[in-house]
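Participant: Here's a structure for you.
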Amino acid sequence: MSLKKKLIVLNTTIMLGLGSAFAIPSVKAESISDIQSQRTGIQSDISEAEQVIQELKKEQTKMNAQIAQIESAMKENDQKIKDTKQEIKDTEKDIDSLKKEIKALEERIAKREEVLKERAVSFQESGGDVEYLEVVLGSKSFGEFVNRVGAVATIVEADQQILREQEADKADLEKKQATVEKKLQSLKDMEVELKGMQSQIKDQKAETVNMKAKIEEKESETAALKQSLENKDAGLEAQIASIRENIKKEEERKAAEKADLDRAAEEVNSSNSSSEGTSSSSSKESSSASKAESSASGSSKGESSSNSSKNSSADKPAAASKPAASKTETSSKPSSANTGSAITAGYKYIGNSTYKFGGGRTASDIANGLFDCSGFVAWAYKQAGVNLPASTDALKNAGRQVSKSQIQPGDLVFFNTYKTDGHVGIYVGGGKFIGSQSSTGVAIANMESGYWAGVFNGRVVRVN
């Protein structure tokens, strides 16, 4: 093989080697770009997930605070139950004591009746009734007359005293009987109220368990979502690292091959230079021919190098620009219609309050959103400048009663729950009312369907 052919083969081999060295990493670089694009999408999802996690944490904090409120109310309600039970025991003792007094009165009345009967018998003669005048006129002398008058007067006075005591004891008996009946009725009401309180606490416990379950479920979902996204991102990151490592190894291998080819080319060039020197010293003609051939070869080599340079400067395709992410626009919801300050005052406690028996009557309860039904109604109307009593029985007479067909927002509505008129709320319109319910705290409920429709008793009271 001639020297010219050897150089052509060597140059071709070098160009092929260089083309292979840069073609494979280019393909792998495109793979990295695709994976990086996928990773960008995953990282965007992670960012969104982080926002969701933050919102969930806020919700969890809110729910934990609400649970703490419920547990606090439950403790106070438990104490109220204990106090009520003790009051029932004390009332039962009072009833027993009253029963003993009533029995003693009845015995005294019975004894007086016996005395009166005996005295009446003593004035009877010959089987007939004898009046006091006949006794006096039956005297045989003036002295006997005086004695009989004195005796009759004494008897009459004694009888009148007995009658006065009898009437007083009877009045006392009637009063004590009324007291007993009142205490008995109060005891019955307390028993009914206690059952209602127990039912409310049961609802609160169920609500607490449900809320805790929701927290645990949300925590689990959040952890699973975050872990899944992080796993995907880590997988893509590992793929990119692996591809880059392969590219590095491929470049090192191609660089080694190129170095070997460069060394081979230098050896060939060195051998060619030595051969040309020997041929020039032996003959002038051979030297002239060699110069002419060398000149032609140089010209051809220059053209080849120029063409190669042009071919290697081909235009590269422009990188596609990614579209800019559009921002999501959010529109605020319209505010609720103002149906009176007494109604809207309680809106801030919706979803942020707890039912507490006897609640809403102290600054501490109000600050912590602890209300019972009548306490909430009284507080809400106080915000509107109207003072109302804080009991369902008193609220029934806090205004004038109107028919159900005339109901308007702001009217008080009553429900038969654990007792007649056991629950009260404020009508807001649309068949709904706002009140402090045992299972939800302050909330808006539908009184035209479900539980509240079944216990609404039709009582509607207009405050002003």
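The values are calculated or read from the model by the stated rules, or taken from the named source; none is laboratory data. None of these values were measured; they are calculated from a predicted model. Cβ coordinates were reconstructed from backbone atoms using ideal geometry, including for glycine residues, and neighbour counts include every protein chain displayed. Accessible surface areas use protein heavy atoms only, side chains included; no ligands, DNA or RNA. Shrake-Rupley method; radii C 1.70, N 1.55, O 1.52, S 1.80 Å.
Participant: Every residue in region 61-104 that is more than 29 Å from residue 184 (Cα to Cα) and of a type in the set (S, T, N, Q), please.
Facilitator: 61, 64, 66, 69, 72
Participant: So, in region 413-431, how many residues would count as being surrounded by 18 or more Cβ atoms within 10 Å (Cβ to Cβ) and not small (Gly, Ala, Ser)?
Facilitator: 9
Participant: Starting from residues that are touching a Ser or Thr at 6+ places or on another chain (Cβ under 6 Å) and of a type in the set (A, V, I, L, M, F, W, C), keep the ones in region 141-189 and report whichever is modelled with the lowest pLDDT.
Facilitator: Among them, the one singled out is 145.
Every residue, every condition in (1) assigned to a helix (DSSP H, G or I); (2) under 15 Å from residue 81 (Cβ atoms); (3) β-branched (Val, Ile, Thr); (4) free of Cβ contacts under 8 Å to residues at least 24 places away in the same chain, yes or no:
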residue	(1), (2), (3), (4)
164	yes, no, no, yes
178	yes, no, no, yes
191	yes, yes, no, no
206	yes, no, no, no
209	yes, no, yes, yes
216	yes, no, no, yes
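Participant: Another one. State which residue is least open to solvent (accessible area, probe 1.4 Å) when the search covers only region 432-460 and only residues that are assigned to a helix (DSSP H, G or I) and free of Cβ contacts under 8 Å to residues at least 24 places away in the same chain.
Facilitator: 453
Participant: Any residue in region 403-420 that is small (Gly, Ala, Ser) and either under 23 Å from the mean Cα position of the chain (by Cα) or within 27 Å of residue 73 (Cα to Cα) (or both)?
Facilitator: No: zero hits.
Participant: May I pose another question? Restricting to region 353-375, give me the number of residues that are farther than 21 Å from residue 78 by Cβ and buried (at least 22 other Cβ atoms within 10 Å of the Cβ).
Facilitator: The number of residues fulfilling the criteria is 0.
Participant: What pairs can you find where one residue is in region 41-52 and within 19 Å of residue 235 (Cα to Cα) and small (Gly, Ala, Ser), the other is open to solvent by 60 Å² or more (accessible area, probe 1.4 Å) and assigned to a helix (DSSP H, G or I), and their Cβ atoms are less than 9 Å apart, with a gap of 6+ or different chains?
Facilitator: From region 41-52, the pairs are 49/225; 49/226.
Participant: Let me ask something additional. I'm told residue 234 meets every condition in (1) closer than 30 Å to residue 34 by Cβ; (2) at pLDDT below 80; (3) not charged (D, E, K, R) except one. Can you identify the failing condition by its number?
Facilitator: (2)
Participant: Which members of region 343-364 meet the condition of being among the charged types (D, E, K, R) and in contact with a helix residue (DSSP H, G or I) (Cβ under 9 Å, 6 or more places away or on another chain)?
Facilitator: 356, 361
Participant: Residue under question is residue 239, and the condition is that it be assigned to a helix (DSSP H, G or I), in contact with a Ser or Thr (Cβ under 9 Å, 6 or more places away or on another chain) and either of a type outside the set (Phe, Trp, Tyr) or at pLDDT 75 or above (or both); does it hold?
Facilitator: Criteria met by residue 239.
Participant: Going through region 45-100 one residue at a time, which ones are basic (Lys, Arg) and out of contact with any Phe, Trp or Tyr (no Cβ under 7 Å at 6 or more places or on another chain)?
Facilitator: 57, 58, 62, 75, 82, 85, 89, 93, 99, 100
Participant: Conditions first: (1) at positive phi; (2) touching a residue at least 60 places away in the same chain (Cβ under 8 Å). Residue 354 passes all but one, so which condition is the exception?
Facilitator: Failed condition: (1).
Participant: I would also like to ask the following. Take the residues in region 95-112 that are in contact (Cβ under 8 Å) with a residue 12 or more places away in the chain and open to solvent by 70 Å² or more (accessible area, probe 1.4 Å); name whichever of them is nearest to residue 438 (Cα to Cα).
Facilitator: Among residues in region 95-112 that are in contact (Cβ under 8 Å) with a residue 12 or more places away in the chain and open to solvent by 70 Å² or more (accessible area, probe 1.4 Å), the one nearest to residue 438 (Cα to Cα) is 99.
Participant: If you scan region 376-393, which residues turn out to be within 21 Å of residue 340 (Cβ to Cβ) and open to solvent by 20 Å² or more (accessible area, probe 1.4 Å)?
Facilitator: Correct list: 379, 382, 383, 384, 385, 386, 387, 388, 389, 390.
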